[in-house]
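The values are calculated or read from the model by the stated rules, or taken from the named source; none is laboratory data. None of the values given here were measured: they were computed from a predicted structure. FYI the Cβ positions are ideal-geometry reconstructions off the backbone, even for glycines, and counts take in every protein chain you see.
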Amino acid sequence: MGLFPEWTWILGFAIGAAIGSFLNVVIYRMPLGMSLNEPKNSFCPNCKHQLGIPDLIPLLSWLGLGGKCRHCRVAVPSRYFFVELITGSLWGAIWFQQLGLANEPIKAVTYMIGAAILVAAIFIDLRWYIIPDQLNAWLFVVGVTANLVQIGMGWPGGWVWGMPASIAGALLGWGILWGITLMGRLLFGKDAMGHGDIKLARGMGALLFPLGAGIAFALAIVLGAVIGSLQVFLRKSPKHAESEEPELEDETPYEPESIASIFKCGIGYLLLFDIIGLFFPKFYKSWFGEDPFAAEDADDGWEPSFSTIPFGPYLAAGALAVMLAELTLKGWVKNYIDWVFGS
């Protein structure tokens, strides 16, 4: 018996779409180092005109204005519409499953917040090839907090491997992605994984617990292999090749991250120094050698090569798939294990 009538998923969709409107602010401002609070009102990125109610109705404003700013008539990227649509759809689906069909308010709230964070991570990573530490920190905190509440309520699945399930999942996520980073450097002499992906995997583990996180990582690898290969193929066109300028002789050669740095950063992520460092930026800089709130330079001229594919969106997509089809995916895994071991 669900906590709410099944039809109330519409309310979940509406709230999610409104959250998506806020996520558009996060996606635009956070990579540029802008405050989410100042200026308090949203504005057009082109003409900087303050937006009013007619401009801020989720989904409807973008459609009604033809995808253009009401003031300067410059096209507003379709990303604004799709972030609201995707977030609304995710919230509606989670609401339907966890509150309409089941009575799981803690899981519903946890998954809804987690889904919103993952949507923001996907679109920022696709644009800037980074995942802000603030998002990864929130994902971890939300997962651990929900798990502790479940343990306090006596939920039997709150413990795994003799520790809170969220901590076990975070350790699994950290270990797999950091291990890939280290092995890629040792075996191939290249940077195999971005550090944002390691922190994202740690947060996913805290949110989904070990089994859910493991399924999400497997899905991410499959998605990355299939869709990533297709992206590389489409990018590697004669037109793209002609547009690439030859490498200058005095250009700084590519230098992969040192083994020592991989170990030092890996220990920092294991001990949550990146999260602690958000409150103590000097500590963050002393350990990781960079400012946690450094802004991306929109005019730095950097362009990714045709083979540069961010892995964060695939990780996030795998996590979202587990949230939406958790029982089905876990059932498949159990059936496979039973088949392998003949039980």
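Values as computed for the structure displayed
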| read-out | value |
| --- | --- |
| Options 107, 48; residue that is on the phi > 0 side of the Ramachandran plot and either in a helix (DSSP H, G or I) or at pLDDT below 95 (or both) | 48 |
| Identity of the residue in the range 110-129, farther than 12 Å from residue 23 by Cα and buried (at least 19 other Cβ atoms within 10 Å of the Cβ), that ends up modelled with the lowest pLDDT | 125 |
| Failed criterion for residue 125 (all others in (1) outside any helix (DSSP H, G or I); (2) under 20 Å from the mean Cα position of the chain (by Cα); (3) of a type in the set (D, E, K, R) hold) | (1) |
| The range 152-170: number of residues that are assigned to a helix (DSSP H, G or I), out of contact with any Lys or Arg (no Cβ under 8 Å at 6 or more places or on another chain) and either aromatic (Phe, Trp, Tyr) or crowded, with 16+ Cβ neighbours inside 10 Å (or both) | 6 |
| Of all residues making up the range 20-43, the number that are part of a loop (DSSP other than H, G, I, E, B) and farther than 26 Å from residue 89 by Cβ | 8 |
| Complete set of residues in the range 5-25 that are more than 30 Å from residue 48 (Cβ to Cβ) and surrounded by 17 or more Cβ atoms within 10 Å (Cβ to Cβ) | 9, 12, 13 |
| Helices (runs of 4 or more DSSP H) wholly inside the range 180-299 containing at least 1 residues that are modelled with pLDDT of 95 or more | 195-235, 259-270, 273-276, 281-288 |
